[in-house]
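Before any comments, here is the structure.
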Amino acid sequence: MTISWMRTADGASPWPDAHVVIAGVGVSGFAAADGLLQLGARVTVLDDAATEANADKGALLEVLGATVRLGPVSTAVLPDSADLVVTTGFPPSAPILVQALAAGVPVWSEVELAWRLSRPAKVVPWLGITGTNGKTTTTQKLEAMLAAAGLRTAAVGNIGRPVMEIVLDPEPYDVLAVELSSHQLHWSSSLALHSAAVLNLQPDHLEWHRGYEAYGAAKAKIYEGVSHSCVYNVADLATEAMVEEADVVEGARAIGFTLGTPAPSMIGVVDDLLVDRAFIEQRKDSALELASLADVARAASTAPGEGVPPHVIANAAAAAALARSYGVPATVVRDGLRNVRLGAHKIATVGERRGVRYVDDSKATNPHAADAALRSFGEPSVPGGSRVVWVAGGQAKGTRFDELVATHASRLRAAVLLGVDAPVVAQALARPAPDVPVEVVTTAEDGPVTPAAAVDVMARVVATAASLARPGDVVLLAPGCASKDMYADYAARGDAFTKAVRALAP
């Protein structure tokens with residue numbers, strides 16, 4: 001039985017009385033352990049991977065006073081006398097979490113821990129972002145808008161920097177741009193954000209959540225307790241339904257974002273301008289300019305003449321809605337879009353060889369994201385459009401590709417597939433696109449793929465794609481799948497693609 005105060009625990013609770021188990025010693029697990037050790041808690045850190053990086057972090061945590069256990073089956077059994085488990089992405093089916101819940105031991109995400117430990121001494125408003133796709137890009141745009149307003153801010157959460165780092169930072173912050181995954185939200189129960197946005201909802205992580213309904217329910221938790229604005233996608237009815245069903249603070253508003261002309265209480269587009277009809281007094285009969293679509297295109301590094309992809313506009317509109325909900329002036333939204341520097345591996349041109357453009361969108365880890373990437377290159381029959389040699393495959397996570405392939409079959413010059421679920425993508429291609437050449441590149445190794453073998457596979461993938469492409473085509477890495485069957489993460493996959501492209505003959 002866990003200690004009685006854990007249900008309402010915060011930064012002022014008697015943590016020296018608690019034994020906390022951290023499941024996973026990655027970036028967020030290390031930050032969680034560090035914070036709890038500073039509060040005097042007894043901390044046990046477990047991770048099944050005894051990598052060099054984990055060993056280094058574990059050694060440092062041991063110096064700080066933690067008990068660390070690394071290697072296979074380290075997380076198989078819940079340690080005795082655990083009062084709390086902090087998980088860093090483990091699914092609900094993980095044995096250690098099943099045992100904890102059966103024993104009445106609470107399970108929190110690192111995000112939930114950070115929220116609680118920031119209270120009562122370091123309360124900072126959170127502007128939260130979730131959705132199947134576009135989270136990181138939207139979070140980066142929001143951070144740029146907040147910074148342009150002169151606010152001390154940071155992009156944290158699923159974007160790569162743990163929220164616990166902000167809790168531990170002695171410097172004060174005005175507001176945070178927080179990217180939240182469905183995994184983090186699943187294990188969070190007390191978040192109450194200033195404003196929150198769900199960008200879209202499409203099938204993803206179905207194996208982790210054991211179904212689409214549970215996945216959507218996890219995303220919807222971001223709206224619970226919101227005090228100012230619940231931002232939803234007008235084109236995605238599921239996100240609006242989440243707002244309608246959320247238990248929010250009285251007076252919180254529903255704010256839509258749209259690619260069309262906005263109704264009152266929406267952000268939208270009029271005459272190539274991003275405009276606000278939500279956070280102005282005369283919203284019934286007027287709109288306020290926030291930025292031009294040229295500014296939006298610049299923020300996405302869209303090449304001149306290509307037009308602005310719809311998902312790029314949608315992400316900018318959502319970020320603007322959140323920024324405006326916090327009082328960021330209209331002209332500063334534009335400044336933020338002009339100043340933002342987006343991360344790598346998101347529709348990034350990494351080279352051109354013999355008239356063929358090579359584009360890295362390794363961050364497209366599900367079919368919906370791959371759809372947005374493929375749409376970015378237009379219809380081949382329309383001036384400015386390109387045929388695509390599609391590089392896809394990896395871990396499909398229970399998702400399907402039939403609708404994606406049916407939508408884009410006319411764009412495809414060929415497909416080059418890799419990874420454990422390459423057959424899933426190949427089967428989808430065989431039905432609506434039987435005339436599209438498909439090549440599957442495999443590794444000769446049995447068992448886990450070594451980093452060197454993964455780099456070699458990508459080199460052969462790129463060489464195969466180059467042999468199939470014609471001048472004017474695009475070779476697009478938009479896998480529609482997760483990467484961890486072969487690569488450390490999507491960034492490592494994208495880096496391998498870039499390296500292979502640069503190794504091609506000019």
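Among 34, 56, 17, 10, which is at pLDDT below 95 and among the acidic types (Asp, Glu)?
Values: 34 fails: at pLDDT below 95; 17 fails: at pLDDT below 95; 10 fails: at pLDDT below 95.
Going through 34, 56, 17, 10 in turn, the sole match is 56.
Output the number of the condition that residue 67 fails; it satisfies all remaining conditions of (1) surrounded by 19 or more Cβ atoms within 10 Å (Cβ to Cβ); (2) at pLDDT 95 or above; (3) among the β-branched types (Val, Ile, Thr).
Looking at each condition in turn, residue 67 falls short on (1).
Looking at 410, 386, 483, which is the one that is closer than 20 Å to residue 357 by Cα, among the hydroxyl-bearing types (Ser, Thr, Tyr) and touching a residue at least 40 places away in the same chain (Cβ under 8 Å)? Please lay out each step first, then the result.
On the way: 410 fails: touching a residue at least 40 places away in the same chain (Cβ under 8 Å); 483 fails: closer than 20 Å to residue 357 by Cα.
Being closer than 20 Å to residue 357 by Cα, among the hydroxyl-bearing types (Ser, Thr, Tyr) and touching a residue at least 40 places away in the same chain (Cβ under 8 Å) holds for just one of 410, 386, 483, which is 386.
Looking at (1) in a helix (DSSP H, G or I); (2) at pLDDT 90 or above; (3) open to solvent by 10 Å² or more (accessible area, probe 1.4 Å), which one does residue 337 not meet, given that it meets all the others?
The number of the failed condition is (3).
Looking at 296, 231, 243, 226, which is the one that is part of a loop (DSSP other than H, G, I, E, B) and either hydrophobic (A, V, I, L, M, F, W, C) or in contact (Cβ under 8 Å) with a residue 24 or more places away in the chain (or both)?
Working: 296 fails: part of a loop (DSSP other than H, G, I, E, B); 231 fails: part of a loop (DSSP other than H, G, I, E, B); 243 fails: part of a loop (DSSP other than H, G, I, E, B).
Exactly one residue qualifies, and that residue is 226.
Collect the residues in the stretch 424-455 that are farther than 25 Å from residue 356 by Cβ and touching a strand residue (DSSP E or B) at 6+ places or on another chain (Cβ under 8 Å), keeping them in residue-number order.
Once the filter is applied, which keeps residues that are farther than 25 Å from residue 356 by Cβ and touching a strand residue (DSSP E or B) at 6+ places or on another chain (Cβ under 8 Å), the stretch 424-455 yields only 430.
Answer yes or no: is there a residue in the stretch 347-359 that is at pLDDT 90 or above and closer than 28 Å to residue 291 by Cβ.
For the stretch 347-359, residues at pLDDT 90 or above and closer than 28 Å to residue 291 by Cβ: present.
Take the residues in the stretch 491-506 that are part of a helix (DSSP H, G or I) and surrounded by fewer than 24 Cβ atoms within 10 Å (Cβ to Cβ), then tell me which one is farthest from the chain's Cα centre (by Cα). Spell out the reasoning first.
First, pick out the residues of the stretch 491-506 that are part of a helix (DSSP H, G or I): 491-502.
Next, only the ones that are surrounded by fewer than 24 Cβ atoms within 10 Å (Cβ to Cβ) stay: 491-492, 495, 498-499, 502.
Numbers: 491: 13, 492: 16, 495: 18, 498: 21, 499: 24, 502: 27 Å.
Per the stated criteria, the residue is 502.
Scanning the stretch 210-223 for residues that are part of a helix (DSSP H, G or I), among the small types (Gly, Ala, Ser) and over 20 Å from residue 256 (Cβ atoms), which turns out least open to solvent (accessible area, probe 1.4 Å)? Full working, then the answer.
Within the stretch 210-223, the subset part of a helix (DSSP H, G or I) is 212-223.
Among the residues that remain, those that are also among the small types (Gly, Ala, Ser) are: 214, 216-218, 220.
Remaining after also requiring over 20 Å from residue 256 (Cβ atoms): 214, 217-218.
On the way: 214: 44, 217: 56, 218: 4 Å².
That would be 218.
Going through the stretch 56-81 one residue at a time, which ones are assigned to a loop (DSSP other than H, G, I, E, B), free of Cβ contacts under 8 Å to residues at least 60 places away in the same chain and more than 10 Å from residue 25 (Cβ to Cβ)? If you could, list the steps in order and put the result at the bottom.
Filtering the stretch 56-81 down to residues assigned to a loop (DSSP other than H, G, I, E, B) leaves 65-66, 71-81.
The next check asks that each one be free of Cβ contacts under 8 Å to residues at least 60 places away in the same chain; those that pass are 65-66, 71-78, 80.
65, 71, 72, 73, 75, 76, 77, 78, 80 - these are the residues of the stretch 56-81 that are assigned to a loop (DSSP other than H, G, I, E, B), free of Cβ contacts under 8 Å to residues at least 60 places away in the same chain and more than 10 Å from residue 25 (Cβ to Cβ).
Taking the stretch 465-481, which residues are small (Gly, Ala, Ser), open to solvent by less than 20 Å² (accessible area, probe 1.4 Å) and not in a loop (DSSP other than H, G, I, E, B)? Before the answer, list the steps.
Taking the stretch 465-481 and keeping what is small (Gly, Ala, Ser), we get 465-467, 469, 472, 478, 480.
Filter again for open to solvent by less than 20 Å² (accessible area, probe 1.4 Å), leaving 465, 469, 478, 480.
465, the sole residue that qualifies.
Specify the residue that is most open to solvent (accessible area, probe 1.4 Å); the eligible residues are those in the stretch 351-401 that are polar (S, T, N, Q) and more than 11 Å from residue 478 (Cα to Cα).
Going through the stretch 351-401, the residues polar (S, T, N, Q) turn out to be 362, 365-366, 376, 381, 386, 395, 399.
This time we only want the ones that are more than 11 Å from residue 478 (Cα to Cα), so: 376, 381, 386, 395, 399.
Working: 376: 20, 381: 104, 386: 21, 395: 60, 399: 10 Å².
Of everything passing the filter in the stretch 351-401, 381 is most open to solvent (accessible area, probe 1.4 Å).
Kindly indicate whether any position in the stretch 307-325 is touching a residue at least 60 places away in the same chain (Cβ under 8 Å), assigned to a loop (DSSP other than H, G, I, E, B) and within 22 Å of the chain's Cα centre (by Cα).
yes
Exactly one condition in (1) of a type in the set (A, V, I, L, M, F, W, C); (2) within 19 Å of residue 141 (Cα to Cα); (3) free of Cβ contacts under 8 Å to residues at least 40 places away in the same chain is false for residue 217; which is it?
Evaluating residue 217 over (1) of a type in the set (A, V, I, L, M, F, W, C); (2) within 19 Å of residue 141 (Cα to Cα); (3) free of Cβ contacts under 8 Å to residues at least 40 places away in the same chain leaves (2) as the failure.
How many residues are open to solvent by 10 Å² or more (accessible area, probe 1.4 Å) and within 21 Å of residue 118 (Cα to Cα) when one looks only at the stretch 42-57?
1
All but one of (1) open to solvent by 10 Å² or more (accessible area, probe 1.4 Å); (2) without any contact (Cβ under 8 Å) to a residue 60 or more places away in the chain; (3) not basic (Lys, Arg) hold for residue 421, so report the exception by its number.
With respect to (1) open to solvent by 10 Å² or more (accessible area, probe 1.4 Å); (2) without any contact (Cβ under 8 Å) to a residue 60 or more places away in the chain; (3) not basic (Lys, Arg), residue 421 is out only on (2).
Collect the residues in the stretch 119-146 that are surrounded by 21 or more Cβ atoms within 10 Å (Cβ to Cβ), farther than 26 Å from residue 204 by Cα and out of contact with any Ser or Thr (no Cβ under 8 Å at 6 or more places or on another chain), keeping them in residue-number order.
144, 145
Only one of 420, 449 is more than 18 Å from residue 467 (Cβ to Cβ), in a loop (DSSP other than H, G, I, E, B) and at pLDDT below 90. Can you tell me which? I'd like the intermediate steps shown before the answer.
Numbers: 420 fails: at pLDDT below 90.
From the options 420, 449, the qualifying one is 449.
Mind checking which pairs have a first residue in the stretch 114-126 that is more than 12 Å from residue 156 (Cβ to Cβ) and modelled with pLDDT of 95 or more and a second that is surrounded by 15 or more Cβ atoms within 10 Å (Cβ to Cβ) and β-branched (Val, Ile, Thr), Cβ under 8 Å, 6 or more apart or different chains?
Taking only residues 6 or more apart or on different chains, the pairs are 117/167; 125/175.
If you go through the stretch 38-52 one residue at a time, do you hit one that is touching a Leu at 6+ places or on another chain (Cβ under 7 Å), more than 19 Å from residue 108 (Cβ to Cβ) and of a type outside the set (A, V, I, L, M)?
Scanning the stretch 38-52, I find no residue that is touching a Leu at 6+ places or on another chain (Cβ under 7 Å), more than 19 Å from residue 108 (Cβ to Cβ) and of a type outside the set (A, V, I, L, M), so the answer is no.
Just checking, how many residues over the stretch 168-203 are touching a Gly at 6+ places or on another chain (Cβ under 7 Å) and surrounded by fewer than 23 Cβ atoms within 10 Å (Cβ to Cβ)?
Residues flagged as touching a Gly at 6+ places or on another chain (Cβ under 7 Å) and surrounded by fewer than 23 Cβ atoms within 10 Å (Cβ to Cβ) within the stretch 168-203 amount to 3.
Every residue in the stretch 159-179 that is closer than 13 Å to residue 114 by Cα and either of a type in the set (Ser, Thr, Tyr) or outside any strand (DSSP E or B) (or both), please. Break it down stepwise before answering.
If we filter the stretch 159-179 for residues that are closer than 13 Å to residue 114 by Cα, which is where we start, we get 161-169, 176, 178.
Across the stretch 159-179, the qualifying residues are 161, 162, 163, 164, 165, 166, 167, 168, 169.
Results for (1) closer than 19 Å to residue 78 by Cα; (2) of a type in the set (A, V, I, L, M, F, W, C); (3) assigned to a loop (DSSP other than H, G, I, E, B); (4) touching a strand residue (DSSP E or B) at 6+ places or on another chain (Cβ under 7 Å), shown as yes or no for each residue.
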residue: 11; (1), (2), (3), (4): no, no, yes, no
residue: 20; (1), (2), (3), (4): yes, yes, no, yes
residue: 25; (1), (2), (3), (4): yes, yes, yes, yes
residue: 28; (1), (2), (3), (4): no, no, no, no
residue: 32; (1), (2), (3), (4): yes, yes, no, yes
residue: 37; (1), (2), (3), (4): no, yes, no, yes
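The values are calculated or read from the model by the stated rules, or taken from the named source; none is laboratory data. Because the structure is a prediction, the values reported are computed rather than measured. Cβ coordinates were reconstructed from backbone atoms using ideal geometry, including for glycine residues, and neighbour counts include every protein chain displayed. Remember, those area values only see protein heavy atoms, side chains included, never the ligands or the DNA or RNA. Shrake-Rupley method; radii C 1.70, N 1.55, O 1.52, S 1.80 Å.
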